[in-house]
Amino acid sequence: MSSYVFPLTLFLKSVAQLDQLPVDQGAEVAFIGRSNSGKSTAINSITGKKGLAKTSKTPGRTQLLNFFQINEHLRLVDLPGYGFAHAPQDKKINWEKNIADYLSIRKSLKGLMITMDIRNPLKDQDQAMLAWASHYQIPVYILLTKADKLTRHQAANALKLVSQQLAHNTSEIQIFSATKSIGLENARRRILNWLYSK
């Protein structure tokens, strides 16, 4: 278990359109990933606040941009999951536009946490998100989630393979499990370094 305590984090607001975003001041770190990759669960685990981000076994539940406040200057953001095959086409198009616009205009965005199920990482949508982040020069930290579903040896091999596939990418990568608190402290430290960096 991690002994590293994350600052108290509270729900701030949900946003459907970018003109509803909180004032673009201070610093924020956003979480994004394929539907059902453990994104909301990771937020709850990292913040130490169960139920902060709404989780579901049904893919595609996060449809809005959900903001959580650490203090008046620091925020976390839970972005809608991508790659949900059953989402209507118009919703997919609207999602892509909102996310692209958010990534391009948000000056307070200091980093992007991308969650990928360790058993099935680097799908086409993940690669596209990495390309977007690179284009907008946003630092990326990859959480290979659900590591408890594999043995330690399997998880280590998966991490090695993803690292090799992203050898020319500057993203940091780590194994993560909310259930077993694997990699929790490293993830917390990376987020706080981004938030508090000048």
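The values are calculated or read from the model by the stated rules, or taken from the named source; none is laboratory data. No experiment lies behind these values; they were computed from the predicted model shown. Glycine gets a Cβ as well: all are built from the backbone with ideal geometry, and neighbour counts include every protein chain shown. When the accessible area is computed, the model is the full protein with side chains, heavy atoms only, and any ligands, DNA or RNA have been set aside. Shrake-Rupley method; radii C 1.70, N 1.55, O 1.52, S 1.80 Å.
Here's the yes/no breakdown for (1) of a type in the set (K, R); (2) part of a loop (DSSP other than H, G, I, E, B); (3) more than 22 Å from Q63 (Cβ to Cβ):
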{"position": "W95", "(1), (2), (3)": "no, no, no"}
{"position": "N98", "(1), (2), (3)": "no, no, no"}
{"position": "G111", "(1), (2), (3)": "no, no, yes"}
{"position": "M116", "(1), (2), (3)": "no, no, no"}
{"position": "R119", "(1), (2), (3)": "yes, yes, yes"}
{"position": "Q125", "(1), (2), (3)": "no, no, no"}
{"position": "A128", "(1), (2), (3)": "no, no, no"}
{"position": "A133", "(1), (2), (3)": "no, no, no"}
{"position": "Q137", "(1), (2), (3)": "no, yes, yes"}
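Hey, among the residues in region 9-29 that are farther than 16 Å from L79 by Cα and either of a type in the set (V, I, T) or at pLDDT below 95 (or both), which one's most open to solvent (accessible area, probe 1.4 Å)? Result: V23.
Scanning region 112-138 for residues that are in contact (Cβ under 8 Å) with a residue 40 or more places away in the chain, touching a Lys or Arg at 6+ places or on another chain (Cβ under 8 Å) and over 14 Å from G81 (Cα atoms) turns up just one, I118. Taking every residue in region 139-152 that is at positive phi and pairing it with any residue that is aliphatic (A, V, I, L, M), at least 6 positions away or on another chain, the pairs with Cβ-Cβ distances below 7 Å are K146/I118. Whether any residue in region 106-126 is farther than 20 Å from V15 by Cβ, among the hydrophobic types (A, V, I, L, M, F, W, C) and over 17 Å from the mean Cα position of the chain (by Cα) is what I want to check. The answer is no; no qualifying residue exists. For region 165-198, a tally of residues being open to solvent by 70 Å² or more (accessible area, probe 1.4 Å) and assigned to a helix (DSSP H, G or I) returns 5.
If you scan region 164-179, which residues turn out to be of a type outside the set (D, E), out of contact with any Leu (no Cβ under 9 Å at 6 or more places or on another chain) and at pLDDT 95 or above? First the steps, then the outcome.
Just the residues of region 164-179 that are of a type outside the set (D, E), to begin with: 164-171, 173-179.
If we keep only those that are out of contact with any Leu (no Cβ under 9 Å at 6 or more places or on another chain) as well, we get 164, 167-168, 170, 179.
Q164 - this is the single residue of region 164-179 that is of a type outside the set (D, E), out of contact with any Leu (no Cβ under 9 Å at 6 or more places or on another chain) and at pLDDT 95 or above.
If you filter region 30-49 down to residues that are open to solvent by 40 Å² or more (accessible area, probe 1.4 Å) and farther than 18 Å from N98 by Cβ, you find that the one that is modelled with the lowest pLDDT is N36.
The listed residues are I182, I93, I99, and the only one of them that is over 20 Å from K39 (Cα atoms) and of a type in the set (A, V, I, L, M, F, W, C) turns out to be I93. Looking only at region 139-164, residues that are crowded, with 17+ Cβ neighbours inside 10 Å and either touching a Pro at 6+ places or on another chain (Cβ under 9 Å) or assigned to a strand (DSSP E or B) (or both) come to 8 in all. Take region 79-93 and flag every residue that is part of a loop (DSSP other than H, G, I, E, B) and either at pLDDT below 75 or farther than 17 Å from D126 by Cα (or both). Correct list: F84, A85, H86, A87, P88. Here L161 meets each of (1) farther than 29 Å from G26 by Cβ; (2) modelled with pLDDT under 90 with one exception, condition (2). In region 91-98, the condition of being farther than 20 Å from L65 by Cα and either of a type in the set (G, A, S) or under 17 Å from the mean Cα position of the chain (by Cα) (or both) is met by no residue. Residue pairs whose Cβ atoms lie under 9 Å apart, sitting 6 or more positions apart in sequence or on different chains, and linking a residue in region 50-73 that is farther than 23 Å from T179 by Cα and open to solvent by 80 Å² or more (accessible area, probe 1.4 Å) to a partner that is among the aromatic types (F, W, Y) and at pLDDT below 95, are Q63/W95.
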